[in-house]
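Data block below; observations after.
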Amino acid sequence: MEKLIENLIFKSRWLMAPFYLGLALSLIILLIVFINEFLHFFTGSIRFDETSVILLVLTLIDLSFTGNLLIMVIFSGYENFVSKIDVGHHEDKPKWMGTVDFSGLKLKLISSIVAISGIQLLKIFFDLKDYTKEEIYLFIAVHITFVLSGVLLALMDYIASKVKH
C-alpha cells in the first residue's frame, strides 16, 4: 500500500505539466501585446520625439524581459518539478538549461522582477506629469521592496550553502 501511495504521489508531478504548457501559450499573448505596442506607436498620435521613442523602447524591453522570465520559469520549473527536457545536444539549447535548481531559479526570478520594476520606474520618470506624488512614492517603495527581497533571498541562499558545507 505504501509503495502504491508513493508511486501515485511521484506521478502526480505530471499534474504540473499543463501549468507549464499554459505559461508557454501565454508567450503568444505577450507577443501579441509586444506587436500591438510596436504598431500603436506608428499608427497612434504619438510624436517621434526622443521621450516617446525612449518610452516605446523601454516598453518593448519590459515585455521582452517578461518573456525571458516566462521562459526561465517554464524550463526550470518543468525540469525541477516534472521531468528533464531531452533536446539532446541541440546547438540552440541554452547553457543554463538543466543547471538551474530551485534556489537559482528564485534568484533569477527576483533579478528579472527587479529589472522589470526598474524599467517601469524609469518609464514613470519620463512621464512624471501623469502621476501623483503618492503614486510615484508607491512605485519607488515597491521597487525598493523587490530589491531588498532579492538581496535577502541571495543572503538566505548564501547562508544555507555555508551551513551545508
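Quick note: the coordinates plus some simple rules give every number you see, no bench work behind them. Keep in mind it's a predicted model, so treat the numbers as computed, not measured. No Cβ is skipped: glycine too gets one built from the backbone with ideal geometry, and neighbour counts run over all protein chains shown.
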Exercise. Using the structure shown, list the pairs from Lys93/Lys123; Lys123/Lys162; Lys95/Lys164; Lys11/Lys95; Lys3/Lys93 with a Cα-Cα distance above 30 Å, or answer none.
Key: Lys93/Lys123; Lys123/Lys162; Lys3/Lys93
Quiz item: Could you give the distance between the Cα centres of segment 2-23 and segment 52-68, to the whole Å?
Solution: 36
Quiz item: Per-residue HN-Hα couplings for segment 157-163, Karplus 6.51 cos²θ - 1.76 cosθ + 1.60 at θ = phi - 60°, whole Hz, x for Gly and Pro?
Solution: 5, 5, 5, 4, 5, 6, 5
Self-check item: Per-residue ³J(HN,Hα) for segment 11-16, Karplus 6.51 cos²θ - 1.76 cosθ + 1.60, θ = phi - 60°, Hz, x for Gly and Pro
Solution: 6, 5, 4, 5, 5, 7
Quiz item: When log10 I(q)/I(0) by the Debye sum over Cα atoms at q = 0.08, 0.10, 0.16 Å⁻¹ is calculated directly from the model, which label among (1) -0.45, -0.60, -0.86; (2) -0.36, -0.51, -0.96; (3) -0.37, -0.56, -1.12 fits?
Solution: (3)
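Per 0.36 nm of contour for each residue apart, how much would the distance between Thr145 and Leu122 grow if the chain were fully extended, relative to their Cα-Cα spacing?
Fully extending the segment from Thr145 to Leu122 adds 6.7 nm.
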Quiz item: On full extension of the chain, what length is gained from Asn36 through Ile136, given 0.36 nm per residue of separation minus the C-alpha to C-alpha distance?
Solution: 33.4 nm
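How would you rank 22-34, 143-155, 52-64, highest first, on the average number of other Cβ atoms within 10 Å across their residues?
52-64, 143-155, 22-34
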Self-check item: Label-to-label distance, nm, for residues given as Ala17 and Ile61 (7 Å Cα→Cβ offset)
Solution: 3.9
